[in-house]
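Heads up, the thing below is written out as structure tokens.
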Amino acid sequence: MFDYKTLIYNSAKDVLDGLEIGDVTASDAFCDYCIPCFKFAKVLRKAPAMIAADAAAKIKIDGIKAEALNGYLNFTIERDAFVRRAFEDSGEYKPLSGKTVCIDYSSVNIAKPFHIGHLMTTVIGGSLCKIFKYLGAEVVGINHLGDWGTQFGGLISAFRNWGDEDRLNARGLDELLELYVRYHSEAEKDEKVAAEAREWSKKIESGDPYAVGLFERFKAITLEQAKKVYKRLNIEFDSYLGESFYVDKVPAVEKKLEQKGLLKISDGAEIVELSDDMPPALIRRSDGASLYIARDLAAAYYRHENYNFDKCLYVVASHQALHFKQLFKVLELLGEKWAGDMIHVSFGMVSVEGMALSTRKGNVLYLSDVLDSAVEKAAAIIAERNPDLNDKSRVAESVGVGAVVFGALYDGRQKDKNFSLEAALNFDGETGPYVQYTHARCRSVLSKAGYSKSQKVDYSLLTDDEAYDVVKLLADFDENILSAAVKYEPSVVSRRLVKICQAFNRFYNADRIMCGGETEKARLELTLRVADALKCGLMLVLLDAPEKM
Ligand code: ARG
């Protein structure tokens, strides 16, 4: 958007030459911007009111009225000039071009179902990918798969003992989950089961073809299910390199640590001691197995070498805060300057209508079930509101899934959420369906009017309070998107979308759009710009924008 503040500052500086202007204050009841002139009185040996009056007479800025009032220099933006600037400045906004951002998100664990606990990382990360891309950055979306650990040995031995080819083919992940649960309960009772699992673990590690082949199948089954969910959420990854990929890259990290004298042995385990307020980082267990943080260190180096990122984000729940603090600290101790570019984008807990989201003992709430149930409810609402709609089931999918995603992205990410499907699906609330519906309403007005291409209009016809409020919200939407990126906070965008809809609906109710003549044309142009902004914003928070609803 037009930088009024700088413009005002510079022209005031010209007129009051040599003086330190200080801050240009924004918006009070009397003006849009203002400069108090009291502080100039001593130097200029003139009364503040006189200084202000003299300056006001000299300052000429296109589209801004300068006036003196009681020692203040007040600046009012002329509305039609503002609308013209907002509408004519449709240049590409790519403030982050040339930057590369790695975003580690969703990062599912093999053989575990895609449960509701993955919702936040998946949608926050997915939305940040779109937001950074929109701003011109190069984005690498990474699904750092949890595909390493002794549990997979357990899974293989469970499959051999109690599993069955046909059942695995038919039931996929459900079968794996059951085997997994059974393995855990039997291993507790019987040391032989645990020992056998360790054997299989070793076989995976040593590359035994049978063990690796079976594990690859488990991985494929897990990913197949996850990818179905990603498709519904409009998400794609650039990399699925998981923890197992980094296992053979850990020794290089250990070497670096050793060279810096950071690697200590404690009870046979390798550790790095950190500052007083943090427990040491465990790199390798005494039995020789590498640990989670070791693989994350290797991954950090790999990403730095391969992508040369400006930022590397980890969208992971706040309960892993210590892990990331330790990870970044170790990199800092290693003297890596880019350690400061690693960011833990954390978030709070989610529950659905008070239900617990336990992942233990197979009692889980699948994300796909939550989405299905939202879609079913959306279908019922749509059937009632618009029974003649074509393509009802596709729209219901967009609205149902959109309601869940938008609901997850509406509050600041740190907040714990208790999710209510009813509330998320309220077409009149601060919801995804409300934004989608407002977008569809705009499109329907436009299609009835046959107005589909942006045109030059008489901007002075969009200066009434209702239209002008909408214009203002559109004018700095791009800066708003940038601030979402700077804060790693998609809710900045989703909140702005709701504001635009509320302002548009006030305009829609106050100003008849189809009123004929030039005013109609100007209002249609505003409607078109709202529709395009909503569609773009919906895309940034992963939602579809159906044309009709
Ligand atoms: N798979 C892990 C989990 O579900 C999250 C991985 C996050 N990413 C990372 N680089 N550590 O808890």
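Across region 1-24, the number of residues qualifying as among the aliphatic types (A, V, I, L, M), within 15 Å of LYS42 (Cα to Cα) and within 41 Å of the chain's Cα centre (by Cα) comes to 1. The residue pairs whose first member lies in region 171-195 and is among the basic types (Lys, Arg), whose second member is buried (at least 19 other Cβ atoms within 10 Å of the Cβ), and whose beta carbons are closer than 9 Å, counting only pairs six or more residues apart or on different chains, are ARG182/ALA158. Identify, please: which residue in region 288-299 is touching a Lys or Arg at 6+ places or on another chain (Cβ under 9 Å) and more than 18 Å from TRP338 (Cβ to Cβ) and is, among those, farthest from the ligand (Cβ to nearest atom)? So, considering only residues that are touching a Lys or Arg at 6+ places or on another chain (Cβ under 9 Å) and more than 18 Å from TRP338 (Cβ to Cβ), the one farthest from the ligand (Cβ to nearest atom) is SER290. Considering only residues in region 126-154 that are away from the ligand (no atom under 16 Å from the Cβ) and part of a helix (DSSP H, G or I), the one that is surrounded by the most Cβ atoms within 10 Å (Cβ to Cβ) turns out to be SER127. Please go through region 155-172 and give me each residue that is outside any helix (DSSP H, G or I) and surrounded by 18 or more Cβ atoms within 10 Å (Cβ to Cβ), ordered by number. Result: GLY163, single match. For region 236-267, a residue qualifies if it is more than 16 Å from the ligand (Cβ to nearest atom) and in a loop (DSSP other than H, G, I, E, B), and the qualifying residues are GLU236, LYS260, GLY261, LEU262, ASP267.
Picking from residues in region 268-287 that are small (Gly, Ala, Ser) and either in a loop (DSSP other than H, G, I, E, B) or over 34 Å from the mean Cα position of the chain (by Cα) (or both), the one that is nearest to LYS325 (Cα to Cα) is SER275.
Per the listing TYR314, TYR302, the residue uniquely in contact (Cβ under 8 Å) with a residue 24 or more places away in the chain, within 14 Å of the ligand (Cβ to nearest atom), of a type outside the set (A, V, I, L, M, F, W, C) and not in a helix (DSSP H, G or I) is TYR314. The single residue among TYR459, TYR488 that is more than 30 Å from VAL345 (Cβ to Cβ) and of a type in the set (Phe, Trp, Tyr) turns out to be TYR459.
Select from region 29-50 the residues that are assigned to a loop (DSSP other than H, G, I, E, B) and over 33 Å from the mean Cα position of the chain (by Cα) and write down the one among them that is surrounded by the fewest Cβ atoms within 10 Å (Cβ to Cβ). The extreme case among them is ALA29. Please verify whether region 95-102 includes one or more residues that are within 34 Å of the chain's Cα centre (by Cα), within 16 Å of the ligand (Cβ to nearest atom), in contact (Cβ under 8 Å) with a residue 12 or more places away in the chain and within 30 Å of GLY242 (Cβ to Cβ). Yes, that holds for at least one residue.
Counting only residues that are surrounded by fewer than 21 Cβ atoms within 10 Å (Cβ to Cβ) and among the β-branched types (Val, Ile, Thr), region 457-491 holds 3 of them. Screening region 195-235 for residues that are part of a helix (DSSP H, G or I) and β-branched (Val, Ile, Thr) and picking the one that is surrounded by the fewest Cβ atoms within 10 Å (Cβ to Cβ) gives VAL212. Checking each residue in region 2-20 for being under 24 Å from VAL471 (Cβ atoms) and either free of Cβ contacts under 8 Å to residues at least 24 places away in the same chain or loosely packed, with under 14 Cβ neighbours inside 10 Å (or both) picks out ASP3, THR6, TYR9.
For region 101-120, the criterion of being basic (Lys, Arg) and closer than 30 Å to GLY340 by Cβ is satisfied by no residue at all.
Of all residues in region 77-99, those being small (Gly, Ala, Ser), in contact with an Asp or Glu (Cβ under 9 Å, 6 or more places away or on another chain) and in a loop (DSSP other than H, G, I, E, B) number 2. Give the residues of region 494-549 that are closer than 26 Å to ASP391 by Cα, among the basic types (Lys, Arg) and surrounded by fewer than 17 Cβ atoms within 10 Å (Cβ to Cβ), sorted by residue number. Answer for region 494-549, where residues must be closer than 26 Å to ASP391 by Cα, among the basic types (Lys, Arg) and surrounded by fewer than 17 Cβ atoms within 10 Å (Cβ to Cβ): just LYS548. Where helices (runs of 4 or more DSSP H) fall entirely within region 329-443, those with at least 2 residues that are under 29 Å from LYS499 (Cα atoms) and of a type in the set (Ser, Thr, Tyr) are at 392-408. Checking every residue in region 331-349 against the condition of being more than 14 Å from the ligand (Cβ to nearest atom), over 17 Å from TYR292 (Cβ atoms), modelled with pLDDT under 95 and not polar (S, T, N, Q) gives at least one match. Out of all the residues in region 173-194, is one or more in a helix (DSSP H, G or I), touching an Asp or Glu at 6+ places or on another chain (Cβ under 6 Å) and modelled with pLDDT under 90? Yes; the residues of region 173-194 include at least one that is in a helix (DSSP H, G or I), touching an Asp or Glu at 6+ places or on another chain (Cβ under 6 Å) and modelled with pLDDT under 90. Working only within region 80-117, note down all residues that are surrounded by 23 or more Cβ atoms within 10 Å (Cβ to Cβ) and modelled with pLDDT of 90 or more. Matches in region 80-117: PHE82, VAL83, VAL101, CYS102, ILE103, ASP104, TYR105, SER106, VAL108, ILE110.
The values are calculated or read from the model by the stated rules, or taken from the named source; none is laboratory data. Computed from a prediction, not measured in an experiment: that's the story for all the values here. Heads up, the Cβs are rebuilt from the backbone with ideal geometry, glycines too, and the neighbour counts pull from every protein chain shown.
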